[in-house]
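Written below as structure tokens is the structure these notes are about.
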Amino acid sequence: MTPEVETQNLLEDAARGLMARGEGLFLPIYAPSGTGKTTLANNLDKFLPGLFLPTILFSGNVNADALQRETAHHLSKFAVNDKRIVPINIDHREGSPPSGEELAEIKRFLRHPEGGSKALILWPDTQRDLSEAMSRAYSDIAGKPPIDLPVAISGPPRETWQEIAKTTLRLVNSIDSLEDLGVEPSNYDPSGFTSLGGFLREISDDFAKLVTSMRREMRKSLRLAIVFASESSDAGILTHLTSSNQFGLLDGSALLDSSPDSEVGKWWKARRGLLTSTIVRLDARAFSLPPSASVGILRRYGPEEVKENLNSLGVRLPGDSVVTRNIERCDLGKYLLGQSKAILETKGTPTTTSLLAFQYLAESGFTAGRDKALNYALAEALTAFASAQGLSYTTMAEKKLDFCPLIPDNSLNFEKEAICLEYTWRASDFMVAKNRGNIAAYCLRKLRNYSRELGWAPE
């Protein structure tokens, strides 16, 4: 959301004046609510990267020592000879201007040679009279500033609002084909709104209502997680097939781009809107299950033959608590615990032992029904996981759901929703670039199967 040129020019003038004087600047800014003051103040390094460092969002007591501590800590992250200005956004004091004592503290800080002298304190407000009053009060004690204060902020031109709305919704919801869901920002008239914020809220609210109504069409909310169990210790290529800001959420465009010539890829290409809505309705995600989790699960809960083979390889029998810990550390566990980001850890059974053990299991193959026994083991492990973590679901393996015709590998049944887990057991280090097309096609086939079973795709 680039601000208007006049606003950029004023900010650049403020930066140049600060540098020329060798002391920091107090900059009250004002604009109506929803104009984009906070966005601007927090992103000066994006709009004027040659002049500004990333913004400090300051929420403490306004005194010189606190400001200096936070600024010094922030500057320690950058090169000593970096001459760019440090913006400090005081965004928690709207409608509450600084007292005379606080203005004196701000003045003292802005003249500190090791931090404050290269700082720009932004004090946003919606009321012009308050901004003017604090500007006069500061000028009275600190002298005439290098630019006229306060600064009136102008948001992006109204003719850019529709494109901003498209970009914002795509970034926030990780969905490219918003129009396929019936939400088209081009159909909203910016002239009917007093601010960009109000325009964005209207479209966002409509999108949220649409998604909610889609999920309510099912008698019970349903979610899908596709889990790849292999030698791979992390998500690997899955990071290129899923959202960058929503943990594990499948990216329909990335799936189609990765498997364009497959039968299922061509099928979905002709039904992009259905693909988008299927991913949204199912909140469809994909995760990797590493040997550090899967081997311990199979050693404790697997079929007798598998347990004996693992024992012969020196894999110790873990207790429920160890299995739970290993699940908690992998992506699947983090997803079930509602954590938005995962950093995969390959702890638990030593990596070399678990890797060799998984390779040994793979030699027997995962087809001809052998994988079903492994799926039952996972169901037992997830039951123990629920008990240890206080999660209120019951687990079923290879059983039909009571509210739709699906028979998932595992289902975690909550009071108002069910999570379907579909496992694929693969030999080798599978989550690598050369398997990108195969992984994408597998996900697309699962999505098609679910869409057909649920009556969304009649073909």
All but one of (1) open to solvent by less than 40 Å² (accessible area, probe 1.4 Å); (2) under 29 Å from the mean Cα position of the chain (by Cα) hold for Leu310, so report the exception by its number. (2)
So if I check each of Ser387, Ser451, which one is among the hydroxyl-bearing types (Ser, Thr, Tyr), open to solvent by 10 Å² or more (accessible area, probe 1.4 Å) and modelled with pLDDT of 90 or more? Ser387
Matching residues in segment 111-123 (farther than 15 Å from Arg69 by Cβ, touching a residue at least 12 places away in the same chain (Cβ under 8 Å) and outside any strand (DSSP E or B)) number 3
Residue list for segment 264-284, restricted to those being without any contact (Cβ under 8 Å) to a residue 40 or more places away in the chain and not basic (Lys, Arg): Ala270
Scan Arg445, Arg436, Arg370 and give me the residue that is open to solvent by 50 Å² or more (accessible area, probe 1.4 Å) and under 24 Å from Val323 (Cα atoms). Arg370
So for segment 98-105 (the condition being in a helix (DSSP H, G or I), crowded, with 18+ Cβ neighbours inside 10 Å and in contact with a strand residue (DSSP E or B) (Cβ under 9 Å, 6 or more places away or on another chain)), does at least one residue qualify? yes
Pairs needed: first member in segment 378-393, closer than 10 Å to Ile297 by Cβ; second member anywhere, surrounded by fewer than 17 Cβ atoms within 10 Å (Cβ to Cβ); C-beta distance under 6 Å; at least 6 residues apart or different chains. Ala384/Asp320
Give all pairs with beta carbons closer than 6 Å in which a residue from segment 347-372 that is at positive phi meets a residue that is open to solvent by 90 Å² or more (accessible area, probe 1.4 Å) and modelled with pLDDT of 75 or more; count only pairs at least 6 apart in sequence or on separate chains. none
Six or more apart or on different chains, Cβ under 8 Å: which pairs go from a residue in segment 415-441 that's touching a residue at least 40 places away in the same chain (Cβ under 8 Å) to one that's in a strand (DSSP E or B) and open to solvent by 10 Å² or more (accessible area, probe 1.4 Å)? Could you list them? Lys416/Ser221; Glu417/Ser221; Glu417/Arg223; Ala418/Ser221; Ala418/Arg223; Ile419/Arg223; Cys420/Arg223
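May I ask you to say which residue of Asp261, Asp251, Asp257 is buried (at least 17 other Cβ atoms within 10 Å of the Cβ) and among the acidic types (Asp, Glu)?
Exactly one residue qualifies, and that residue is Asp251.
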Hand me the list of strands (runs of 3 or more DSSP E) wholly inside segment 1-94 holding 3 or more residues that are in contact (Cβ under 8 Å) with a residue 24 or more places away in the chain, open to solvent by 30 Å² or more (accessible area, probe 1.4 Å) and in contact with a strand residue (DSSP E or B) (Cβ under 8 Å, 6 or more places away or on another chain). none
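Condition check ((1) under 30 Å from Gln246 (Cβ atoms); (2) among the aromatic types (Phe, Trp, Tyr); (3) open to solvent by less than 20 Å² (accessible area, probe 1.4 Å); (4) at pLDDT 70 or above) across all residues:
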{"residue": "Leu317", "(1), (2), (3), (4)": "no, no, no, yes"}
{"residue": "Ile327", "(1), (2), (3), (4)": "yes, no, yes, yes"}
{"residue": "Asp331", "(1), (2), (3), (4)": "yes, no, yes, yes"}
{"residue": "Lys334", "(1), (2), (3), (4)": "yes, no, no, yes"}
{"residue": "Lys341", "(1), (2), (3), (4)": "yes, no, no, no"}
{"residue": "Gln359", "(1), (2), (3), (4)": "no, no, no, yes"}
{"residue": "Leu374", "(1), (2), (3), (4)": "yes, no, yes, yes"}
Among the candidates Ser191, Ser195, Ser174, Ser154, which residue alone is at pLDDT 70 or above, polar (S, T, N, Q) and either over 25 Å from Leu44 (Cα atoms) or open to solvent by less than 50 Å² (accessible area, probe 1.4 Å) (or both)? Ser191
Take the residues of segment 398-417 that are among the acidic types (Asp, Glu) and under 31 Å from the mean Cα position of the chain (by Cα): which is surrounded by the fewest Cβ atoms within 10 Å (Cβ to Cβ)? Glu415
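The values are calculated or read from the model by the stated rules, or taken from the named source; none is laboratory data. Just so it is clear, the structure is predicted and the values come from calculations on it, not from any experiment. With ideal geometry, Cβ positions are generated from the backbone for all residues, glycine too; neighbour counts draw on all protein chains shown. Ligands, DNA and RNA are excluded from the accessible area calculation, which covers all protein heavy atoms including side chains. Shrake-Rupley method; radii C 1.70, N 1.55, O 1.52, S 1.80 Å.
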